[in-house]
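Readers should treat all values here as calculations from the given coordinates under stated rules, not as data from a laboratory. Everything numeric in this text was worked out from a predicted model, so none of it was measured. Here the Cβ is made from the backbone with ideal geometry for all residues, glycine too, and neighbour counts use every protein chain on show.
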Number of protein chains: 6
Amino acid sequence: MRSNESLLELLLELQVLDRIPRSGFVLRGVAEPESVTEHCWHVLFMVWALGERVPGVDVTRAVEIALVHDLAELRVGDLPRTAARYLPAGAKNVAETAAVGEVLAPLPERARRLYAEYQEGVTLESRLVKACDKLQLMLKVAVYEGWGSGALAEFWETPDTSPAPGIAAVDELFAELRARRKPAAGR
Amino acid sequence: MRSNESLLELLLELQVLDRIPRSGFVLRGVAEPESVTEHCWHVLFMVWALGERVPGVDVTRAVEIALVHDLAELRVGDLPRTAARYLPAGAKNVAETAAVGEVLAPLPERARRLYAEYQEGVTLESRLVKACDKLQLMLKVAVYEGWGSGALAEFWETPDTSPAPGIAAVDELFAELRARRKPAAGR
Amino acid sequence: MRSNESLLELLLELQVLDRIPRSGFVLRGVAEPESVTEHCWHVLFMVWALGERVPGVDVTRAVEIALVHDLAELRVGDLPRTAARYLPAGAKNVAETAAVGEVLAPLPERARRLYAEYQEGVTLESRLVKACDKLQLMLKVAVYEGWGSGALAEFWETPDTSPAPGIAAVDELFAELRARRKPAAGR
Amino acid sequence: MRSNESLLELLLELQVLDRIPRSGFVLRGVAEPESVTEHCWHVLFMVWALGERVPGVDVTRAVEIALVHDLAELRVGDLPRTAARYLPAGAKNVAETAAVGEVLAPLPERARRLYAEYQEGVTLESRLVKACDKLQLMLKVAVYEGWGSGALAEFWETPDTSPAPGIAAVDELFAELRARRKPAAGR
Amino acid sequence: MRSNESLLELLLELQVLDRIPRSGFVLRGVAEPESVTEHCWHVLFMVWALGERVPGVDVTRAVEIALVHDLAELRVGDLPRTAARYLPAGAKNVAETAAVGEVLAPLPERARRLYAEYQEGVTLESRLVKACDKLQLMLKVAVYEGWGSGALAEFWETPDTSPAPGIAAVDELFAELRARRKPAAGR
Amino acid sequence: MRSNESLLELLLELQVLDRIPRSGFVLRGVAEPESVTEHCWHVLFMVWALGERVPGVDVTRAVEIALVHDLAELRVGDLPRTAARYLPAGAKNVAETAAVGEVLAPLPERARRLYAEYQEGVTLESRLVKACDKLQLMLKVAVYEGWGSGALAEFWETPDTSPAPGIAAVDELFAELRARRKPAAGR
């Protein structure tokens, strides 16, 4: 499997993203967990819906970044959180960039630049996508907990699943979500 | 279940879209068929990737239309193709518009207008989404046929699964997809 | 898909009912929820087992009504409870009657009359099937709650999931079921 | 697990029948195969629909036999066809009768007699159920073959999956089903 | 299906063991329960890992016994615990021995002797496998309970799911597992 | 997640291996593909069954190597074949060794040495496991092809899925498997 050579090849390969389950949920016993594709759609929707609440953000570009932000998983897999600890520093990012480069080969250079922007995580747009990436995780955790599915409590205590503070609109939603969980957390 | 009253409520409800399988595949025996969320993501990606090949289209708005185009299924279900025949003329559209109105209630009016634009199907942007909606169906059909999953041959013969002609970029991709199927079709 | 033209066609179409999951459970996160076929079998068994406790009922006809009572879902889908709110008054019933008419076309007229009797819900037999339809829902809710699967508490509080009072044998079973849940409800 | 002590206990136990997949399909690689409950419903429908074509049969009783014919699987499991070869002659029937006796304990004696009638297989009604039990198997085989699911060809060649000749209405349907398969069989 | 005639036939048949779910979990509502193959691997690993803690045991032979201990399920199915009550005394063992004999036919006589040793349960090696067979069950019960999946509490109270006392290394692990459950058991 | 601190912790973590599907099958559309645990069991059985046909091999140690050969996947995931291309040379092996070290921490040093022996692939025992690892893949491919599940033809043409020549007993089985496929390959 090398670089895609046509848009059709690319579109066909993307269909497979549906079959890659999110490893964080798989490893914690959620039955029928969301796929990477489903995660991607929700992140994208959140970026779009929150955009108007984030002063100065270019929503259109943020949406585009969300669209490509997880495509490496097609070829690298959805590495469990633990995997990064065992790989050389930076190796995951290098691998993902190379994979996305070959997946998106039939698209103009701009598509790969959006992915690079996400990896760098400097611009407001990429930071918004990263924050929504984590917020979506916690939204799904809340939903699965409501369904009684999986052992997910640890997610609420791990700093790296909290959206990095700084984007107020996301911080507020996360606080609201956490507050909502309180009563149930009394179990 | 009434109108969503906050963005958080809306985002939580959207997570459920992942559990609604696409009825066309369910009824034709595909194992583990795509969800409505997955379909939505692929349509959106196609609209974005094809946008630059469609003269005069406003890609940003087309992407936004794609984002909302199937949200009615959260509350109305993914009606099988046959259902429309048994409902009064226009009832499906009316129901879907009402459902989307309540789902998207926490968002600005503009979000509902995008859905109305899709239902009307007059603008180039909405026509592009509709064409991609059908093209994505056939892409998935091709993928599932390659996997030996489901009885899907009829899709290739039904006019209402062909993207309506008129948007050259979509027509070309569909022709390429159909041509690719040829050898296998000899079975 | 039009009217079935032979008994064999009908029997083959019915096999697909197994793949239609019950939407109420899907939307509330039950993993591997029952199919419409499974629901149908349980309702039928209950009607038969309860029949001797219902003075004056014609059990044979009630069983036959149970046998056809959900066949519309083959062509209309298992509409979520919310769907009815968005459709014109009566449209769901009209659609279901038309669908059942075409599904059961190869059988004598009597089969369609049984479905009409169910839709009208006037005779004791049809009321028994409707009551068992709801009681079976709550039995399954109780089973899934015992298995820790899905967010189902709301079912116990919604009047339209309680069997309509009036058929003592069903009322008693429902009261027994509800009583049994008590201890667990203390959670 | 002993004899059920109330109708409610019985009805709750029956819900579990949905989770027992038909072993013949499991062992031959069908994805998401039908459950025992689904099989039971289809056999029952066939008995009812074919009844009027079988001279002299008491359809009501035949339907009742179909309703109980597979309930032993709740406690004995859906033994694969091969299991019988390894058990002492008659042991499977004895075990099934004992299991059904305890499952149906809260119902009047008549319910167990219906099961005994099925096991003996002498009356026209029990022979009709047995013939439909096999015909339903082959209907499902045909459906799964159409879906490309599982390695099922051997079923068409094994005498013990053919409905025993003698009930013309079933023989005819089976012949029609077999004829329909012909073109595909050329593969 | 008779005796396997070549090693290749045997290896192909074994692949099917993956599709046989463990009936104890199926009947108690665990979603996506472990397969017999998975159970077998875990028992084997435990026997190996515990071996050095069991004075006088021949670990290599114990591992071999673990490897064959559940192969009868390929042809007899994974009989639910209740099934044994309905079968004549000893019939299950006789059937399983016959089935394993035919499955393993292409291997040297020694393979069948290992299975006989397991059935007899006299040697230290076979007793270690039997103890691990039960301990693995309870490990999985603990995992599924942590995931909120299934109604499994009864397993902790049934004597026949406790590893028979006598092998200290297993007793200790079981005590440790049971102690770990305590806090959660307060629910 | 750090090093396991007790045997119980290790055994509990291992249960999760059942939920990790083999990525090669996932990406090629096999429904309900085998888990890593299932793969591990089959490789182990093959090593054991073939051992006596491989002159000079220490079967006991080869079985032990098979037992640990895939445990890294618990923490690194089942990387798709393509992933290795994007990672720095050797990074995958380093990561896997570190992961296995932490997983197996409660066991004596010898357990980690068995894994190192596998990674090095020099001894006859480790080469036998590697050859069986590939042969098992192709056995499963053959089974899935027989079931009509997935797009797997490419596996037969890729050199790196052929067991490396040199171990005659494996070469012969692979040749036999390939020959058996011939007639079907005419499709």
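Annotation: average projected area of the protein assembly as shown is 41.0 square nanometres, based on the convex hull of Cα atoms across all directions. State, to one decimal in nm and shortest first, how far the label point of C:A168 sits from each corresponding label point in the other identical copies (label point: 7 angstrom along Cα-to-Cβ). Inter-copy label distances (nm, one decimal, shortest first): 4.9, 6.7, 6.7, 8.0, 8.5. Over segment F:127-187, the pair-distance histogram of Cα-Cα distances with 5 Å bins from zero comes to 4, 18, 32, 26, 14, 6, 1 percent, rounded to whole numbers.
Could you point to the residue in B:V76, B:T60, B:V36 farthest towards the positive end of segment B:24-124's charge dipole, with +1 and -1 charges on the Cβ of Lys/Arg and Asp/Glu respectively? The residue sitting most towards the positive pole is B:V76. Inter-copy label distances at E:V122, shortest first and taken from points set 7 Å along Cα to Cβ: 4.7, 4.7, 7.8, 7.8, 9.1 nm. Each Lys and Arg Cβ is given +1 and each Asp and Glu Cβ -1; about its Cα centre, the protein assembly as shown then shows a dipole of about 0 debye. Placing a label point 7 Å from Cα along the Cα-to-Cβ axis, F:R180 is separated from the same position in the other copies by 3.3, 3.3, 3.9, 4.8, 5.3 nm, shortest listed first.
Rounded to whole Å, the principal axis extents of the Cα atoms in segment B:82-187 read 50, 31, 25, largest first.
Working from label points 7 Å from Cα in the Cα-to-Cβ sense, the A:L124 to A:T158 distance is 3.1 nm. In chain C, the beta-carbon sitting nearest the axis that superposes C on F belongs to the residue given here with its distance in angstrom, C:E32, 6. The alpha carbon radius of gyration of chain E, expressed as a multiple of 2.2 N^0.38 Å, is 1.05.
Peptide D:154-161 has a mean shielding of 0, counted as Cβ atoms of other protein chains within 10 Å of each residue's Cβ.
What is the distance in Å between the Cα centres of segment D:45-91 and segment D:109-183? Going from one Cα centre to the other spans 10 Å.
In segment C:101-157, the ratio of gyration radius to Kirkwood radius, Rg to Rh, stands at 1.18 when only Cα atoms are counted.
For segment F:25-98, the Kirkwood hydrodynamic radius comes to 14.2 Å, computed from all pairs of different C-alpha atoms.
Taking 16 Å as the straight-line reach from the Cα of D:K134, the aspartates and glutamates in range (excluding those fewer than 8 positions away in the same chain) are D:E34, D:E38, D:D70, D:D78, D:E125, D:E154, D:E157, D:D160, D:D171, D:E172, D:E176. What would the Debye formula give as log10 I(q)/I(0) at q = 0.21, 0.25, 0.34 Å⁻¹ for the alpha-carbon point model of segment D:1-44, no solvent? Debye curve over Cα of segment D:1-44, log10 I(q)/I(0) at q = 0.21, 0.25, 0.34 Å⁻¹: -0.74, -0.86, -1.11. For the pair A:A175 and E:E172, label points projected 7 Å from Cα toward Cβ lie 5.2 nm apart.
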